[in-house]
Structures are given as structure tokens and as C-alpha cells.
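Visitor: Below you'll find the structure I mean.
What follows draws every value from the coordinates through simple rules; no lab data is involved. Since we're looking at a predicted model, the values are computed, not measured. FYI the Cβ positions are ideal-geometry reconstructions off the backbone, even for glycines, and counts take in every protein chain you see.
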Amino acid sequence: MKKGIMKATVLHALPCAPPKDDLRQRERAASSPRPETDLHDEALVALVAQREARASAALEELFLRHAEPLRRFLARFTGRETEAEDLVQDAFIRMAEKAGSYRGEGSFRTWLFSLAINLGRTRMRRVALEEKVGEEMPHLKPDLVRPRPADDPTWRAEQGELRMHLDRAIFALADSERETFLLYWFGELTYAEISALTGVSISASKVRVHRALARLATLLEPFREI
């Protein structure tokens, strides 16, 4: 997402300063005392929905609490590390816009991740279409061709061999197992939150995670000495 577009969208959602682009700057800001740290998520969402003086601080606090697990989840859900931060920004922008519709019937994290998953799926469909166009009509849309992470030398250098094999193994999982595993392991959602988000029972969610772990162990066995 271009910075100017992101800023305009956030300003439309809230009459306050937009979130900063750098997730790490927000993490460092967490050490500063703020009254919002004493509020639970639902109260913070209510402040965001009111769009009053404390809305910006409330949005900042929610970002500090949930952005990093969401980024880790989206990076592996989409297979595109470089786009994860943009998707996190988009998810919080969407959350701010829809804050007034949140009724607290499930946890805030469940609601936030559902917004992010929908955005991630839309992005994946768009990228798949761009790659298909690039493969079938390269003379028309050469600028749309994007290398897959495993084929990108820069990505391989940054992530290392084991990380590359791990991400490949994750994408080899069945869709249902991959999504549940990522929500639990990287998104840090509880089984109850995963159940509420996916509509699958808690026991079935546990089974999916255990199956995913077993499958990953098998797929990564040849590379465990790397």
C-alpha cells in the first residue's frame, strides 16, 4: 500500500493522526506509560468507534497488543513476508472503519483476525491473477510478474535455508490444517478463539494443529541438520 493512500484512508476512518508505518517504532513506544494500557480490548474498540479525543491512543494500544502476532500469521498465510506489514495496516484501517459494528460477541482478536483473513485471501487471489497474466501474456503485463518467495534470491538470503523449507512445508499442508496451525502458532489465538473464527469445534481445532505439526515434522526431517 502506498503511504499516501494509507494515510488518506486512515484519516477517513479516524479524525486523528494515522498509525506510523514501522511496526518496530510502535513496539518501542510500548514502554511509555499510557492510561489506555489499563483498558481491555473491547473498551478500546468502543473508544475507536466514538472517534473522539482518545480514539487515536486507543487505536495505538490495540496495534501494540495485536500487530506483531497478526503480522507473523499473515506472512505465512499469504507466503509473502514483504506484504504482511501492508496487510496489518489494512486490517487495522478496516477495523477502525468498522469499530462501530463490533458488538463484543466474540473476542476482539477473533474479530480482527477474521478481517485480516478476508483481506489476505483477497490479496492472494489478486496476486494469483497477476501471476497468471504474467505467465500467459508476459508481453502485455510484464510489470505484474512477481517471483514466488522460494524463487527470490534476496528472500532466500534473508530467511535462510531452514526458513525456506519451513514455509514450503507449511504451504504443503491441507488448507484447513494450515489455517488452523497458523492461527494457533503464529497468530497466538487460543483454541476457543480459533473455534469461534473458523466455526470448527475446539477439539477439531486441536486435532488439526496436531496433524499439522506431525506433517511438518515429517516434511522437515531431511533438513533438521541445517
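Visitor: Give a quick list of GluC sites (Glu not before Pro) in the stretch 50-81 that DSSP marks as loop, anything other than H, G, I, E or B, with at most 15 other Cβ atoms within 10 Å.
Guide: Counting only loop positions with at most 15 other Cβ atoms within 10 Å, the GluC sites (Glu not before Pro) in the stretch 50-81 are E52.
Visitor: Roughly how many debye, to the nearest 20, is the charge dipole of the stretch 43-97 about its Cα centre, given +1 on each Lys and Arg Cβ, -1 on each Asp and Glu Cβ, and no other charges?
Guide: 180 debye
Visitor: Just rank F171, F186, fewest to most, by other beta-carbon atoms within 10 angstrom.
Guide: F171, F186
Visitor: Can you put W185, W111 in order of Cβ neighbours within 10 angstrom, beginning with the fewest?
Guide: Ranking W185, W111 by Cβ neighbours within 10 Å, fewest first, gives W185, W111.
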